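This report refers to the structure that appears directly beneath it.
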Amino acid sequence: MTDKKKFIIDFDSTFTQVEALDILGEISLKNDPERDRKLQAIKDITDQGMEGSLTFRESLEKRVELLGANKAQITDLIDALKHKVSKSFQQNREFLLENAEDIFIISNGFKDFITPIVSDYGVKEENVFANEFVYDEEGNIVDFNRENLLSKNNGKAETIKSLNLDGNIYVIGDGYTDYEIKASGLANKFYAFTENVSRPKVTANADHIAPSLDEILYVNKMNKKFSYPKSRINVLLLENVHPIGVDLMKQEGYNVEVVSSALSEEELAEKIKKVSILGIRSKTQVTAKVLENANRLIAIGAFCIGTNQIDLIKCQEKGIAVFNAPFSNTRSVVELAIAEIIFLMRNMFDKSVSMHKGIWDKSASGSYEIRGKKLGIIGYGNIGAQLSVLAENMGMDVYYFDVIEKLALGNATKLESLDELLSTCDVVTLHVDGRPENENMLDKKKIGLMKKGGILINLSRGHVVDVAALKEALESKHLSGAAVDVFPHEPKNNSEPFESELIGMPNTILSPHIGGSTSEAQVNIARFVPGKIMDYINTGNTYNSVNFPNIQLPFLQNAHRLIHIHQNEPGVLAKINQILAGYKINIVGQYLKTNEKIGYVITDIDKAYSPELIDEMKNIAGTIRFRVLY
């Protein structure tokens, strides 16, 4: 007897993402007038057999009869199945090739299509045990080999008995017939494989629930594509992140939890303890207190433009990369700004309120075109620059002020001071970030510099405008109108009341932080942010990170990638290379980038590493975080 591990792997919905006979039905019944009814019947029979509520022999007989397939259609099925191999099996092809002697496919499916698929992954033909179709002279499937053990009830267990396998036998499958192997006392462990389908009756009887092959290899400390199963990476998504973002994270294999609202500091500080990836929008405050508990956190995704709600310095200190969506909702914010400029210049808001009260006030007094008016943009970033172009196309004269040198677009004029912009322009719109020094950027004194009858629009951050001073300017008629989308204190969810001194102010549009809230923007953000996070987890890329040095790298083949995040101190790279040299490890590629706080080193090596090497890397002075990708 040996302790060698042997893996018995099911085919349908395990090695492949689908039930092959379901796909064969779609092919063979393509022109059948009862196609939909028969396909549903095949799926129902499959599920009944997998859950153990129908004997396998009965389910096989019924499905083969319904299929009405032929040999030529088996060829089409093989072509389809080659594109349906389970993702974690594709990723771990190297493991399958290296352990081909100890991998067996035992399936209630059919050799006719199974062998051509699994042989591409190194599985030996003699290690494939499955049913066999019976064809007539014209190639039509008329039956199956009824003498084959796998065509009978409890056939998998009987097949394994006949093999007399030595060593520890581990069964990987998604169906009740896979569990029967363990129940017969013929296997050491049964792994319920749930990457493609999860059947409660099967998982309830499993020794271990495996969301992927990575999980099985991880618990058995065997060679694998990734150093840590993605199913063990816990993702917490707050504040109604768009379903596309949720689905992308789930498709990647992460364990995803969704919360519809923001969490308080205390709630998040507790919740964050087991979280590896956090996704938020603008209301959630990721404070130093929260981050003190975030010992598993690898990355934060801000599903919005701003990141001032995140303590970026503390994230750097803990080696947590932060990503946002700097461009995804730009157009949405710009369109709202244009709409509000027009509405306020025409006094439309007050006229609409009056109409709803039954008051007919047909007057041109205080109503103006925007053509020829001076628009002042504070903050000439992505939003400010695009607003500049659209406003100019509508006939406005555009002026802007930014603390950073920015190239003017079109005929926009850069002004040298904020005071000059405020005293020059008819409409002032804010598009600055949420850094602390921007607090009360427009205070009572600055608002007092604005032209009498001017209009102020804030679609940036709530704390950049002194709300009390704005209210006073509106009450005194120094300003003729305002639009405010962001507030110093905002409700955490839709059930909390909104309170503001600006409620009831004349010609004042108040909106609930929806500048970027359009379907298009939310879809763009939901695709962009998960993409950046997954790229960072999979390859180490930090491109577009707001707090890490930016490095962009390809996915590495046939090598190991080590990531070292450290305080930006001299000599760390030399220490890394000294350790690698001490273990006689050749460096395939190495990339270093730093910012003022941290250094980020990616090292690709061409041979296996020992646990001792990992320990030495982690113990280099100044190390913040060390991570093995694969």
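The values are calculated or read from the model by the stated rules, or taken from the named source; none is laboratory data. As the structure is a computational prediction, the values presented were derived from the model and not from experiment. Don't worry about glycine lacking a Cβ; one is built from the backbone with ideal geometry, like all the others, and counts go over all protein chains shown.
Quick check on this structure: which one of Ala559, Ala521 is of a type in the set (Gly, Ala, Ser), on the phi < 0 side of the Ramachandran plot and within 18 Å of the chain's Cα centre (by Cα)?
Details: Ala559 fails: within 18 Å of the chain's Cα centre (by Cα).
None of the others qualify; the one that does is Ala521.
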Scanning the range 416-431 for residues that are surrounded by 20 or more Cβ atoms within 10 Å (Cβ to Cβ) and either assigned to a loop (DSSP other than H, G, I, E, B) or free of Cβ contacts under 8 Å to residues at least 12 places away in the same chain (or both) gives Cys425, Asp426, His431
Margin query: Would you confirm, using the coordinates I've provided, whether Val259 is in contact with a Phe, Trp or Tyr (Cβ under 9 Å, 6 or more places away or on another chain), hydrophobic (A, V, I, L, M, F, W, C) and either farther than 21 Å from Asn99 by Cβ or modelled with pLDDT of 95 or more (or both)?
Written below: no
By residue number, the members of the range 439-460 that are within 42 Å of the chain's Cα centre (by Cα) and on the phi > 0 side of the Ramachandran plot are Asn440
From the option list Glu195, Glu138, Glu147, single residue qualifying as assigned by TED's automatic domain parsing to the domain that holds Ile23, assigned to a loop (DSSP other than H, G, I, E, B), among the charged types (D, E, K, R) and within 26 Å of Lys230 (Cα to Cα) is Glu195
If we keep only residues of the range 438-477 that are closer than 23 Å to Ser367 by Cβ and not hydrophobic (A, V, I, L, M, F, W, C), then the residue surrounded by the most Cβ atoms within 10 Å (Cβ to Cβ) is Asn458
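Would you confirm whether or not the range 61-77 contains a residue that is touching a helix residue (DSSP H, G or I) at 6+ places or on another chain (Cβ under 7 Å) and among the small types (Gly, Ala, Ser)? Spell out the reasoning first.
Quick first cut of the range 61-77, residues touching a helix residue (DSSP H, G or I) at 6+ places or on another chain (Cβ under 7 Å) only: 62-63, 66-69, 73-74, 76-77.
If we keep only those that are among the small types (Gly, Ala, Ser) as well, we get 68-69.
Yes: the range 61-77 contains one or more residues that are touching a helix residue (DSSP H, G or I) at 6+ places or on another chain (Cβ under 7 Å) and among the small types (Gly, Ala, Ser).
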Per the list (1) more than 30 Å from Gly49 (Cβ to Cβ); (2) buried (at least 22 other Cβ atoms within 10 Å of the Cβ), residue check on Met222 breaks on (2)
Filtering the range 42-73 down to residues that are farther than 21 Å from Lys152 by Cα and in a helix (DSSP H, G or I) yields Lys71, Ala72, Gln73
Of the conditions (1) of a type in the set (Val, Ile, Thr); (2) within 17 Å of Gly453 (Cα to Cα); (3) touching a Leu at 6+ places or on another chain (Cβ under 9 Å); (4) without any contact (Cβ under 8 Å) to a residue 60 or more places away in the chain, the single one that Ile341 does not satisfy is (4)
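Please determine, by comparing only the residues of the range 601-617 that are surrounded by 12 or more Cβ atoms within 10 Å (Cβ to Cβ) and of a type outside the set (A, V, I, L, M, F, W, C), which one is nearest to Thr542 (Cα to Cα).
Quick first cut of the range 601-617, residues surrounded by 12 or more Cβ atoms within 10 Å (Cβ to Cβ) only: 601-606, 609, 613-614, 616-617.
Applying the additional criterion that residues be of a type outside the set (A, V, I, L, M, F, W, C) yields 603-604, 606, 609, 616.
Values: Thr603: 14, Asp604: 16, Asp606: 23, Tyr609: 24, Glu616: 24 Å.
Top of the filtered list is Thr603.
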The lone condition Asn164 fails out of (1) of a type outside the set (Gly, Ala, Ser); (2) crowded, with 21+ Cβ neighbours inside 10 Å; (3) at positive phi is (2)
Scanning for something modelled with pLDDT under 95 and more than 20 Å from Cys425 (Cβ to Cβ), does the range 389-403 turn up at least one residue? no
For Ile503, the lone unmet condition from (1) hydrophobic (A, V, I, L, M, F, W, C); (2) more than 17 Å from Leu456 (Cα to Cα); (3) exposed (fewer than 14 other Cβ atoms within 10 Å of the Cβ) is (2)
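For the range 351-396, how many residues meet the condition of being in contact (Cβ under 8 Å) with a residue 24 or more places away in the chain, part of a helix (DSSP H, G or I) and surrounded by 17 or more Cβ atoms within 10 Å (Cβ to Cβ)?
In the first step, residues of the range 351-396 are kept if they are in contact (Cβ under 8 Å) with a residue 24 or more places away in the chain; the result is 366, 369-388, 390-391, 394-396.
Remaining after also requiring part of a helix (DSSP H, G or I): 382-388, 390-391.
Next, from what is left, pick out any that are surrounded by 17 or more Cβ atoms within 10 Å (Cβ to Cβ): 382-388, 391.
So the answer is 8.
Considering only the range 493-539, state which residues are small (Gly, Ala, Ser) and over 30 Å from Ser276 (Cβ atoms). Steps first, please.
Pass one, the range 493-539, residues small (Gly, Ala, Ser): 495, 500, 504, 511, 515-517, 519, 521, 526, 531.
Once the filter is applied, which keeps residues that are small (Gly, Ala, Ser) and over 30 Å from Ser276 (Cβ atoms), the range 493-539 yields Ser500, Gly504, Ser511, Gly515.
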Of the conditions (1) in a helix (DSSP H, G or I); (2) closer than 20 Å to Gly173 by Cβ; (3) modelled with pLDDT of 95 or more, the single one that Ile105 does not satisfy is (1)
Looking across the range 247-262 at residues that are without any contact (Cβ under 8 Å) to a residue 60 or more places away in the chain and in contact with a Leu (Cβ under 8 Å, 6 or more places away or on another chain), the single one that is surrounded by the most Cβ atoms within 10 Å (Cβ to Cβ) is Val256
*Could you say whether any residue in the range 76-84 is under 25 Å from Ala192 (Cβ atoms) and β-branched (Val, Ile, Thr)?*
no
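For Ala288, indicate whether it is buried (at least 23 other Cβ atoms within 10 Å of the Cβ), modelled with pLDDT of 95 or more and either in contact with a strand residue (DSSP E or B) (Cβ under 9 Å, 6 or more places away or on another chain) or among the hydrophobic types (A, V, I, L, M, F, W, C) (or both). Working first, answer last.
On the way: buried (at least 23 other Cβ atoms within 10 Å of the Cβ): no; modelled with pLDDT of 95 or more: yes; either in contact with a strand residue (DSSP E or B) (Cβ under 9 Å, 6 or more places away or on another chain) or among the hydrophobic types (A, V, I, L, M, F, W, C) (or both): yes.
Here the answer is no, as Ala288 does not meet what is asked.
Does the range 151-166 contain any residue that is touching an Asp or Glu at 6+ places or on another chain (Cβ under 8 Å) and modelled with pLDDT of 95 or more? If you could, list the steps in order and put the result at the bottom.
Applying the first criterion (touching an Asp or Glu at 6+ places or on another chain (Cβ under 8 Å)) to the range 151-166 yields 152, 154, 156-157.
Going one step further and asking which of them are modelled with pLDDT of 95 or more, we end up with none.
No, the range 151-166 contains no residue that is touching an Asp or Glu at 6+ places or on another chain (Cβ under 8 Å) and modelled with pLDDT of 95 or more.
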Here the qualifying pairs (Cβ atoms under 8 Å; residues six or more apart or on different chains; first in the range 601-628 and free of Cβ contacts under 8 Å to residues at least 40 places away in the same chain; second in a loop (DSSP other than H, G, I, E, B) and β-branched (Val, Ile, Thr)) come out as Leu613/Ile585
